[in-house]
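Report on the following structure.
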Amino acid sequence: MRSILKKLDRQQNLNDEEYTSLMEYIEKLRCVSPESYTLFYDKYALLLYNDYAIYLPRFSQGIDDLINFLILNPQIRSQINRKDLPLSVFPTSLHPYLNHMFNNHLNTKDLWILLEDSKGSDSILNQLPRPRQTDIVYKFEEANPYKEPGLKFHFDRIGRYSFITRLQTYRYLNKKAHKDRIEYIASDKLGGIFTNKQRSIYYYIFLSENNTHKAQNACSLLNVALYGIMDVNSSNFN
């Protein structure tokens, strides 16, 4: 691994074998050594994002997990913006992220502002497809999650949302997209673009429920949570 990290430091391209080894190493760090993962994140997160479109979360759980927790727990969501909540009402896996964001003081007004910035308003969170009943399914080209740099990490992030049942690559775009985004396709399916250093990939997001209004809400939520943009409801991908 030392030789691979040296290549990263020199911003030299990794071959397929080196890239796969690096991805496996990162996943191992996240699972077994949070302290080492934090050091790795501080040194390489920005480089990996710029050179490989790999999004590394700072913590094992972050904003996507927080929003999904609130989706699944309306009784907690209803208390936000009314009174401060003890950290204990949130899963311990979210505590490092919440402590980092709120400096050990969980002011729910600040939390609500954060969710509003993510378009996680109560009206949207109340009208999303129901939680999936089985494990999410990932479909990659050639059944190789590491074939396209950064794509697995992107799918892992989107897959944290409980209303998604399957993520599936579909085709390459003719040219690189100007920006990544998600669009409404049908009442049970969204489409998205992922772009890495080489190309843009079109993929499908399958939803747990067949409902036009809820699918449009899911599209809006994902667009703002991931990209900070409003939803895209027209099919204008190249």
Filter result for the condition that a residue is within 23 Å of Ile26 (Cβ to Cβ) and either of a type in the set (A, V, I, L, M) or out of contact with any Asp or Glu (no Cβ under 7 Å at 6 or more places or on another chain) (or both), over Lys152, Lys175, Lys189 | Lys152
Is there a residue in segment 162-175 that is among the aliphatic types (A, V, I, L, M), at pLDDT below 95 and closer than 21 Å to Pro57 by Cβ?
-> no
Test: residue in segment 40-58 that is under 15 Å from Pro96 (Cα atoms) and free of Cβ contacts under 8 Å to residues at least 24 places away in the same chain | yes
Do you know which residues across segment 151-193 are β-branched (Val, Ile, Thr) and in a strand (DSSP E or B)?
-> Ile164, Thr165, Thr169, Ile182, Ile185, Ile193
Of (1) assigned to a helix (DSSP H, G or I); (2) farther than 25 Å from Gly228 by Cβ, Ala45 satisfies every one except (2)
In segment 5-22, the residues that are modelled with pLDDT of 85 or more, within 16 Å of Gly150 (Cβ to Cβ) and either in contact with a strand residue (DSSP E or B) (Cβ under 6 Å, 6 or more places away or on another chain) or among the hydrophobic types (A, V, I, L, M, F, W, C) (or both) = Leu8, Leu22
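Answer yes or no as to whether Ile201 is closer than 14 Å to Ala53 by Cβ and of a type in the set (A, V, I, L, M).
Values: closer than 14 Å to Ala53 by Cβ: yes; of a type in the set (A, V, I, L, M): yes.
Yes: the conditions hold for Ile201.
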Which residues, taken from segment 57-71, are at pLDDT below 85 and crowded, with 19+ Cβ neighbours inside 10 Å?
-> Pro57, Phe59, Gln61
Selection within segment 9-33 - in contact (Cβ under 8 Å) with a residue 40 or more places away in the chain and part of a helix (DSSP H, G or I) = Asp16, Tyr19, Thr20, Met23
If we scan segment 133-148, do we find a residue that is surrounded by fewer than 20 Cβ atoms within 10 Å (Cβ to Cβ), hydroxyl-bearing (Ser, Thr, Tyr) and farther than 23 Å from Leu48 by Cβ?
-> yes
The lone exception for Ser60 - which of (1) closer than 20 Å to Asp9 by Cα; (2) in contact with a Cys (Cβ under 9 Å, 6 or more places away or on another chain); (3) not in a helix (DSSP H, G or I) it fails | (1)
Consider Ser208 against the criteria (1) more than 30 Å from Ser21 (Cβ to Cβ); (2) among the small types (Gly, Ala, Ser); (3) touching a Leu at 6+ places or on another chain (Cβ under 6 Å): it satisfies all of them except one. Which criterion is unmet?
-> (3)
For segment 122-132, how many residues meet the condition of being modelled with pLDDT under 90 and buried (at least 16 other Cβ atoms within 10 Å of the Cβ)?
-> 3
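The values are calculated or read from the model by the stated rules, or taken from the named source; none is laboratory data. These figures come from a predicted structure and were not determined experimentally. Cβ sites come from the backbone with ideal geometry, for glycine too, and all protein chains shown count toward neighbours.
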